[in-house]
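Scroll down for the structure; my scribbles are underneath it.
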Amino acid sequence: MTDRDPATKAPLDVIAASLARERHRAGLSLAEVARRAGIAKSTLSQLESGTGNPSVETLWALGVALDVPFARLVDPPRGAVQVIRRGEGPAVASERADYVATLLASCPPNARRDLYLITVQPGAPRESDPHMPGVTEHVVLASGRALVGVAEDPVELAPGDYIAYPGDEPHVFRALDPDTMAVMASEHR
C-alpha cells in the first residue's frame with residue numbers, strides 16, 4: 001500500500017480484529033493461514049497485532065485462505081442507515097498498481113454482495129488472482145476509460161458501461177485515462 005494519502009490507509013484495528021476472529025472461527029493456526037495465503041507467518045502476526053501495511057493483494061489472499069469475503073476483513077460494524085462521503089470508508093491500495101478499493105457496503109447477513117468504489121490511475125494494471133469459487137464481479141464505469149474483465153480477454157469500458165465476469169478466474173482492471181472511477185459489486189454464491 002502506498003502512503004500518498006491518509007484516506008487510503010487501511011483500517012488496521014478492524015483488520016487486526018477481523019483476521020484474529022476469522023482465523024479462530026476456522027480453527028487455524030497463524031502458520032496454516034499464512035501458508036494458505038502465500039504470505040510470511042510474521043506478516044500475518046503483524047497484521048493481527050494491528051501493525052503492518054496490508055495491500056489489496058494480501059487481504060484478498062487472506063480472505064481466500066479463510067474462506068471469507070474481502071469485506072469481512074476491512075469493514076467495521078455499521079448502523080442501519082449508512083452514508084459514506086467521498087474520501088471516507090475503509091480503503092486499501094494495491095501494491096502493484098495505482099488502484100484503491102474503498103468498501104462502500106459489505107455483505108450483511110443473508111445477503112451475498114459487497115460494494116466498492118474503485119479509483120485507478122494509468123500505469124500498471126491491477127491483476128487479480130482468482131477469488132473464492134462462485135464469485136462474480138460487476139463493474140459500472142463512472143469516469144475515464146478502462147480495460148476490465150477476465151485477464152485473457154478484458155473489455156474496454158467507457159462511462160456508464162457495465163461488465164460482469166467470473167471473479168474466481170484471473171482478472172484485470174487497467175485504467176486508460178487519469179482518475180478513472182468505477183463502482184464494483186462482488187457477488188458471492
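The values are calculated or read from the model by the stated rules, or taken from the named source; none is laboratory data. These numbers were taken from a predicted model, which means no experiment stands behind them. Here the Cβ is made from the backbone with ideal geometry for all residues, glycine too, and neighbour counts use every protein chain on show. Heavy atoms of the whole protein, side chains included, go into the accessibility calculation; ligands, DNA and RNA do not. Shrake-Rupley method; radii C 1.70, N 1.55, O 1.52, S 1.80 Å.
Of all positions in the range 166-175, none carries a residue that is among the aliphatic types (A, V, I, L, M), loosely packed, with under 15 Cβ neighbours inside 10 Å and more than 16 Å from the chain's Cα centre (by Cα).
Taking the options G160, G149, G123, name whichever one is part of a strand (DSSP E or B), of a type outside the set (A, V, I, L, M) and more than 19 Å from A71 (Cβ to Cβ). Write out each step before concluding.
Values: G160 fails: part of a strand (DSSP E or B); G123 fails: part of a strand (DSSP E or B).
Going through G160, G149, G123 in turn, the sole match is G149.
Taken over the range 157-188, residues that are free of Cβ contacts under 8 Å to residues at least 40 places away in the same chain and over 14 Å from V120 (Cβ atoms) amount to 11.
Restricting attention to the range 113-151, the residues being aromatic (F, W, Y) and free of Cβ contacts under 8 Å to residues at least 60 places away in the same chain number 0.
Among the residues of the range 163-189, write down those that are in a loop (DSSP other than H, G, I, E, B), within 20 Å of V64 (Cβ to Cβ) and modelled with pLDDT of 90 or more.
Here is the first cut: in the range 163-189, the residues in a loop (DSSP other than H, G, I, E, B) are 167-170, 176-179, 188-189.
Filter once more, so that each one left must be within 20 Å of V64 (Cβ to Cβ): 167-170, 188-189.
Answer for the range 163-189, where residues must be in a loop (DSSP other than H, G, I, E, B), within 20 Å of V64 (Cβ to Cβ) and modelled with pLDDT of 90 or more: G167, D168, E169, P170.
Just one of R72, R145, R113, R126 is within 13 Å of the chain's Cα centre (by Cα) and at pLDDT 90 or above; which is it? Walk me through it before giving the result.
Working: R72 fails: at pLDDT 90 or above; R145 fails: within 13 Å of the chain's Cα centre (by Cα); R113 fails: at pLDDT 90 or above.
Just a single option satisfies the conditions, and that option is R126.
Give me the residue from the range 85-110 that is charged (D, E, K, R) and modelled with pLDDT under 80 and, out of that set, most open to solvent (accessible area, probe 1.4 Å). This residue is R86. Restricting the search to the range 20-42, which residues are part of a helix (DSSP H, G or I), open to solvent by less than 70 Å² (accessible area, probe 1.4 Å) and under 17 Å from F70 (Cβ atoms)? The answer is A20, E22, R23, A26, V33, A37.
Here is a yes/no grid of residues against (1) at pLDDT 90 or above; (2) open to solvent by 10 Å² or more (accessible area, probe 1.4 Å); (3) among the hydroxyl-bearing types (S, T, Y):
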| site | (1), (2), (3) |
| --- | --- |
| S49 | yes, yes, yes |
| L59 | yes, no, no |
| P76 | no, yes, no |
| V83 | no, yes, no |
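Name the single residue, out of those in the range 126-146 being outside any strand (DSSP E or B) and touching a Ser or Thr at 6+ places or on another chain (Cβ under 9 Å), that is surrounded by the fewest Cβ atoms within 10 Å (Cβ to Cβ). Applying the filter and picking the extreme gives R145. Consider the range 98-112 and keep the residues that are assigned to a loop (DSSP other than H, G, I, E, B) and touching a residue at least 40 places away in the same chain (Cβ under 8 Å). The one that is farthest from Y165 (Cα to Cα) is D98.
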